[in-house]
Every structure is written in structure tokens, then in C-alpha cells.
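One structure is given below, encoded as C-alpha cells.
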Amino acid sequence: MSRLGRGFPNNALLRIPPSVAPQVDANAHFSGLVSSGSWTHTIGSNANAIFVFINPASASVTLTCKIGATSMTQIANTAACWAWVLYNPPTGSQTVSFTVSASTPVSAISVSLVNAGPIGTVATTTGTGLALSQSASPPMAKGTVLQSFGVTGGASTITAYNQTQIDYVVGVGSRNDPIIVGYGNGSFTATSGANFAWTGVAVSLAPI
């Protein structure tokens, strides 16, 4: 009999499943000079969260974002990077849509994840110049940080991203404000192609 009492098996304490690290399921992106827009994201059957990052190239607009008819939860709001999340999203081919309070050059990226645990923290870092840098760590072992840089102010690029890049897209027209999304742990760095304002958003994720 178990020392914990009759009916409590001796190996019960060994049955706690190990933590499983978050993994990328799929990604998609959009760019346009619009006041609303949409794109298709195919969410896998094992995905349990989807994140959307949008660079609206303006500090004076407001945005909303949906997966199908379901509103997403906003987790960050800066001039060069807004972010949303929806846990337990519908799977299969889904429409990601957004609205903006005024027409603006938009660059956007969606990322669905498998094994995404709770969000620990959402950190934002802002700066101006060619060197983009942000530091962030997951809340526990086997977690990860989903991170994005956005540049706003005019035509630019984002290159030399030092962590695992998921997607990158630039805006349209003369503004061409770009956004990049990746994941990793620790120091995130990249290079802007122009001396403009930039923002980093880091979403710290636990495993499940």
C-alpha cells in the first residue's frame, strides 16, 4: 500500500506529465494602405492560440482585430506594434480581420502556436535609430518569448534579426513601415534600414 494511504497508487506521483514547449503552428501576413483589411490563416488542429501583430504606421489611430467573428484580446498598443491574442481559436482556414480608425499603411503578421501556455508578461521597448534591441525571458523552463519589432516613420527595412524569425512584411507605398515576428529567449536584436522610431513587443509564454 502507498504511504499516502489505501487507494493511492505507489506510482501516482510519477504520473505528472512533463511540460511541453510552445511551438509554431502556422503564420501568415498582410500589407496595404487601408482602414480595414483581412487575410486567411490556416490554424492547425493542435493549435491552442493565435497572436496577431500589426504595425499601423501611426500613433494616432486605434485598431480592433478578430478571428472570424470572434474579437481578440489586445495585449499591446504602441505606434509601431499592436498585438492581440486568442486562446483556443477555431481551427482550419480562418479569416483574420482588422479595422483602423483612419486609412493608414498597415503591415500585419499572424502566428498560431501549439502548446502555448499562459502569458507571463508583455513588455514593450521603444527607441529611435538603426539598432533595435529588446531583452525578455520566458516565465519558466521550456517556455518561450514571442517577439516583434516594428519601425515607423517612412520607408525602411528590418534585417539581421538574431533570433528565430517567423515572418517579415513591409507596408505599401512611400511609407513602407515594416514588422517582423520571431521567437527565442534573452536578447533580441535587429537592424533598421533607416533612422526612424521603432518598438519591440515581447510576449513571455509558459509551456503547458
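The values are calculated or read from the model by the stated rules, or taken from the named source; none is laboratory data. It should be emphasised that the depicted structure is a prediction, and the values quoted were computed from it without experimental measurement. We place every Cβ from the backbone using ideal geometry, glycine too, and count neighbours over all the protein chains shown.
At-a-glance table
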{"read-out": "Where residue 132 falls short, out of the listed (1) in a strand (DSSP E or B); (2) out of contact with any His (no Cβ under 8 Å at 6 or more places or on another chain); (3) surrounded by fewer than 20 Cβ atoms within 10 Å (Cβ to Cβ); (4) touching a residue at least 12 places away in the same chain (Cβ under 8 Å)", "value": "(3)"}
{"read-out": "Evaluation of residue 116 against (1) touching a Ser or Thr at 6+ places or on another chain (Cβ under 8 Å); (2) surrounded by 19 or more Cβ atoms within 10 Å (Cβ to Cβ) (one fails), failing number", "value": "(1)"}
{"read-out": "Residue 150 at pLDDT 95 or above, touching a Pro at 6+ places or on another chain (Cβ under 8 Å) and either assigned to a strand (DSSP E or B) or on the phi > 0 side of the Ramachandran plot (or both)", "value": "yes"}
{"read-out": "Among (1) within 24 Å of residue 160 (Cα to Cα); (2) under 14 Å from the mean Cα position of the chain (by Cα), the one test that residue 119 misses", "value": "(1)"}
{"read-out": "Looking only at the range 51-81, and only at residues there that are closer than 18 Å to residue 149 by Cα and touching a Leu at 6+ places or on another chain (Cβ under 7 Å), the one that is modelled with the lowest pLDDT", "value": "56"}
{"read-out": "The listed residue being surrounded by 17 or more Cβ atoms within 10 Å (Cβ to Cβ), touching a residue at least 40 places away in the same chain (Cβ under 8 Å), more than 21 Å from residue 24 (Cα to Cα) and of a type in the set (Ser, Thr, Tyr), out of 126, 144, 99, 104", "value": "104"}
{"read-out": "Which numbered condition residue 57 misses (of (1) small (Gly, Ala, Ser); (2) more than 27 Å from residue 172 (Cα to Cα); (3) part of a loop (DSSP other than H, G, I, E, B); (4) more than 14 Å from the chain's Cα centre (by Cα))", "value": "(2)"}
{"read-out": "The range 158-173 - residue that is in a loop (DSSP other than H, G, I, E, B) and in contact with a Ser or Thr (Cβ under 7 Å, 6 or more places away or on another chain) and, of those, farthest from residue 204 (Cα to Cα)", "value": "172"}
{"read-out": "Residues satisfying the stated conditions in the range 101-145, i.e. farther than 14 Å from residue 54 by Cα, of a type in the set (A, V, I, L, M) and out of contact with any Asp or Glu (no Cβ under 7 Å at 6 or more places or on another chain)", "value": "102, 116, 119, 122, 123, 130, 131, 132, 136, 140, 141, 145"}
